[in-house]
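What follows is a set of notes on a single structure, which appears directly below.
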Amino acid sequence: MKEYDVVILGSGIAGMTAAIYLKRADLNICVIENDTPGGELNKIWKVGNYPGYESIDGPTLAYNIFNQVSELGVEYIYDNIDSIDTTNNIINIKDNKLKYKYLLVATGRRPRGLGIENEDKLIGKGISYCALCDGNLYKDRDVVIVGGGNTALNDAIYLSNICNKVTIVHRSNEYNGERSTIEKTYKDNIDRYMNANLVKYNLKNDEIVSVTLDNKKEIPCSGVFLAVGSIPNSELLDVDKNHGYIKVDNNYKTSIDNIYAVGDVIDKKIYQLTTASGDATIAACNIIDKLK
Ligand SMILES: Cc1cc2nc3c(=O)[nH]c(=O)nc-3n(C[C@H](O)[C@H](O)[C@H](O)COP(=O)(O)OP(=O)(O)OC[C@H]3O[C@@H](n4cnc5c(N)ncnc54)[C@H](O)[C@@H]3O)c2cc1C
């Protein structure tokens, strides 16, 4: 069985930041990632609030950080974890077992769906959670965006440059996003329905042709982008949580002594790149102190 000082779960900005600190402290570490390094960064078409870059697209920033981690020689394991035995400090991956002294959880969160009929089978075939990834599939067509936060509004602005028409459907009478972002959504090809809920995906030959709102309004469209919140990826761990978000102390330690959690998976107020990176720095330095 391979043994590590620290195993990091997740390779978003939080996991990669922790990897940089821990590897530079000469610890024996590995990162387990079950998808693409960069995590949510890969979904951001323009980052305007990350120090050092007036403006940069998320995938490029992800690539830059990933290169920095790779240059340090950090070991990556791309696989799904079956279970974690927190009594014996063992991670089970298929027939493989890894032993850790410290575990650093940086698994982020995943987008929430609306939970209505046909949704599951339409994900990736008409319904998307990522405007940057899938926007081009709907070039010159009409799309609907559900949500009223910064993600939904930024998606609307981004898609309005690619698609024919964008309609934002929001369940409340005001948006939760930043004022400057809201203002940018006032464009000729962006429509909006406030106090409205999407209740039905209407299909023809298994493709979305329109959606119906709870006010009976039918909006013709080829695609729907959902930006209605997130679910933390914390199911693998039995630690103290708040609505699924892992509770941590000031050093980012969970309710289990040798398990730390950082980034979007934890219970906190501000979910940003800089805070994810800051969480990871503090957690990594705390682990380094304990191991040295
Ligand atoms: C559309 C959008 C726009 C945004 N815009 C901005 C912005 O402009 N500025 C800003 O500061 N913030 C922005 N954010 C927020 C920011 O992206 C996040 O706060 C940050 O990326 C979180 O980083 P993280 O490393 O905690 O999580 P993630 O980036 O979610 O990384 C988690 C990683 O863990 C992996 N993972 C999950 N489960 C497992 C598992 N079981 N095993 C192994 N690996 C696993 C995932 O595949 C992923 O790679 C935006 C977010 C979105 C969605």
Quiz prompt | Complete set of residues in the range 127-145 that are surrounded by 23 or more Cβ atoms within 10 Å (Cβ to Cβ) and either closer than 30 Å to residue 260 by Cα or not β-branched (Val, Ile, Thr) (or both) | solution = 128, 131
Quiz prompt | Residue count, the range 129-153 (criterion: of a type in the set (Ser, Thr, Tyr) and either assigned to a loop (DSSP other than H, G, I, E, B) or farther than 18 Å from residue 191 by Cβ (or both)) | solution = 2
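Going by the conditions given, is residue 47 touching a residue at least 40 places away in the same chain (Cβ under 8 Å) and surrounded by 19 or more Cβ atoms within 10 Å (Cβ to Cβ)? Can you show your working first?
On the way: touching a residue at least 40 places away in the same chain (Cβ under 8 Å): yes; surrounded by 19 or more Cβ atoms within 10 Å (Cβ to Cβ): no.
In short, no.
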Quiz prompt | Whichever residue in the range 63-82 is of a type outside the set (S, T, N, Q) and over 20 Å from the mean Cα position of the chain (by Cα) and, among such residues, is surrounded by the most Cβ atoms within 10 Å (Cβ to Cβ) | solution = 74
Exercise. Could you please give the count of residues in the range 91-108 that are more than 12 Å from residue 258 (Cβ to Cβ) and either assigned to a strand (DSSP E or B) or modelled with pLDDT under 95 (or both)?
Key: 8
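Matching residues to (1) near the ligand (Cβ under 10 Å from one of its atoms); (2) not in a helix (DSSP H, G or I):
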| position | (1), (2) |
| --- | --- |
| 11 | yes, yes |
| 22 | no, no |
| 26 | no, yes |
| 30 | no, yes |
| 37 | yes, yes |
| 41 | yes, no |
| 50 | yes, yes |
| 59 | no, no |
| 67 | no, no |
Quiz item: Is it the case that the range 234-250 has a residue that's within 16 Å of the chain's Cα centre (by Cα) and either more than 13 Å from the ligand (Cβ to nearest atom) or among the polar types (S, T, N, Q) (or both)?
Solution: yes
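Give 208, 219 a once-over and let me know the one that is in the same structural domain as residue 170 (by TED's automatic domain parsing), in contact with a helix residue (DSSP H, G or I) (Cβ under 9 Å, 6 or more places away or on another chain) and within 30 Å of residue 125 (Cα to Cα). Write out each step before concluding.
Details: 219 fails: in contact with a helix residue (DSSP H, G or I) (Cβ under 9 Å, 6 or more places away or on another chain).
Just one listed residue meets the conditions, 208.
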Quiz item: Could you list, in sequence order, the residues of the range 83-95 that are over 20 Å from residue 291 (Cβ atoms) and either of a type in the set (A, V, I, L, M, F, W, C) or loosely packed, with under 13 Cβ neighbours inside 10 Å (or both)?
Solution: 83, 85, 87, 93, 94, 95
Self-check item: Scan of the range 124-141 for residues that are touching a Gly at 6+ places or on another chain (Cβ under 8 Å) and away from the ligand (no atom under 16 Å from the Cβ), ordered by number
Solution: 126, 137, 138, 141
Self-check item: Pairs where the first residue, in the range 117-146, is acidic (Asp, Glu) and the second is within 15 Å of the ligand (Cβ to nearest atom), C-beta under 6 Å, 6+ apart
Solution: 119/113; 134/128
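Can you pull out every residue in the range 239-272 that is in a helix (DSSP H, G or I) and either among the charged types (D, E, K, R) or touching a Leu at 6+ places or on another chain (Cβ under 7 Å) (or both)?
Kept after step one, since they are in a helix (DSSP H, G or I), are these residues of the range 239-272: 263-265.
The one that is in a helix (DSSP H, G or I) and either among the charged types (D, E, K, R) or touching a Leu at 6+ places or on another chain (Cβ under 7 Å) (or both): 264.
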Practice problem: Return a yes/no flag: does the range 154-167 have any residue that is free of Cβ contacts under 8 Å to residues at least 40 places away in the same chain, farther than 20 Å from residue 57 by Cα and of a type in the set (S, T, N, Q). | Solution: yes
Self-check item: Unmet criterion (only one of (1) in a helix (DSSP H, G or I); (2) farther than 11 Å from residue 76 by Cβ) for residue 15
Solution: (2)
Self-check item: Filter result (surrounded by 14 or more Cβ atoms within 10 Å (Cβ to Cβ) and within 12 Å of the ligand (Cβ to nearest atom)) within the range 251-270
Solution: 252, 261, 262, 263, 264, 265, 266, 268
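The values are calculated or read from the model by the stated rules, or taken from the named source; none is laboratory data. Computed from a predicted structure; not experimentally measured. Virtual Cβ from ideal backbone geometry, glycine too; neighbours counted across all protein chains shown.
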